[in-house]
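*Asks:* Here it is, the structure in full.
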């Protein structure tokens, strides 16, 4: 009788290698997080200004305080995550953020609101870059750039859903219902992640789900020195900082412009921003293929310039159709620069200090949001919309210069980020 040959193991498909159950769940969490965040964040300033009756400067301060906290503490928050475990730090931050934001919907005094927004900001300093860090630690090096770009795409899907639900169904900027939903979802995310990952010690679970042994824990000073000495990271962070200043106008001067220049500004603002998100969601798969064949620095630079031109079109011409066209240019630019930025950032961190690297990136982003929101709102009232929005293409050109310097420092071998 002939011997039956051993069964040949069939290797998992590339799709399943990338999107295993853990990664899939993390991406679902990211979708819920983005959806509820964008129900609230773009309308926070309008909510404080009109529903709570605060002044423009008080409202701007409240919106910018969480970004200030991450600006000052983002690297420290990432270091804490590297010390105690990224998942544990992220879940605890979700709980604190959810409870503090929920309380914002229930109080009215400016001092109480300020204290709660500071607490929310402290939580954000730990959660900033949390999903990015977990995915980077979970994925193999060849899949990290792919996952970071899918995470970006999912965030934009969540933004689209959140903006449409908030502006069309939930009376965003006038009601505290979106804020309560944001709080409830954050607490629910905390519970789910604790149940599934908090005590996970299986061999299939990455180190991100548990604290690092004391002997393996990174020390703060060497981590800070390593991050600051990383030349490609420094130039990349500068370019991201300036880009985020441009982006922050969608949370500050753009909604102010709409409420001051259109009779029902919120009803106009929400769909136009959502239209831009549709462009991002629809065009990113094609842009990923195009980007793989083009020079990364050129793609990034063109994208940054297009984003600046989009803001200039809307803010200087001022009609609804100008904003529609401007948002199209803005979003096409965002698709191009975001792909290259995600690729670069996913390739830079060292394994032992992944959360610290993403914490440094979060510091830059939130510093730019704080400065962009605070100074953007001030410049809007002092110099006018044309001056603020007209300066955006200039910032876009400078952004491309710094990104190119970072590529040179990294020996940019075209696909630095494993696409």
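*Asks:* Give the relative contact order (percent, whole number) for the range 90-158; include only Cα pairs under 8 Å separated by 6+ residues.
*Replies:* 31 percent
*Asks:* For residue 194 and residue 106 in the same chain, what is the full-extension length gain: residue separation times 0.36 nm, less their Cα-Cα distance, in nm?
*Replies:* Length gained between residue 194 and residue 106: 29.0 nm.
*Asks:* So for 107, 65, fewest C-beta neighbours within 10 Å to most, what's the order?
*Replies:* Result, fewest neighbours first: 107, 65.
*Asks:* Ok, one more. Neighbouring Cβ atoms within 10 Å as the yardstick, rank 300, 190 fewest first.
*Replies:* 190, 300
*Asks:* To the nearest 0.05, how large is the calculated FRET efficiency for residue 58 and residue 383 if R₀ is 25 Å and r is the Cβ-Cβ distance?
*Replies:* Plugging the Cβ-Cβ distance into 1/(1 + (r/R0)^6) gives 0.75.
*Asks:* Sorting 109, 49 on the 10 Å Cβ count, fewest up front, what's the list?
*Replies:* Ordered from fewest to most neighbouring Cβ atoms within 10 Å, 109, 49 come out as 109, 49.
*Asks:* Averaged over all directions, how much area does the convex hull of the C-alpha atoms of the range 252-314 cover when projected, in nm²?
*Replies:* On the way: hull surface 19.7 nm².
For the range 252-314, the mean projected area of the Cα convex hull comes to 4.9 nm².
Read-outs throughout are calculated quantities, based only on the coordinates presented, and are distinct from any laboratory measurement. Quick caveat, the model's predicted, so the values are computed rather than measured. Neighbour counts are summed over all protein chains in view; Cβ atoms, including those assigned to glycine, are modelled from backbone coordinates with ideal geometry.
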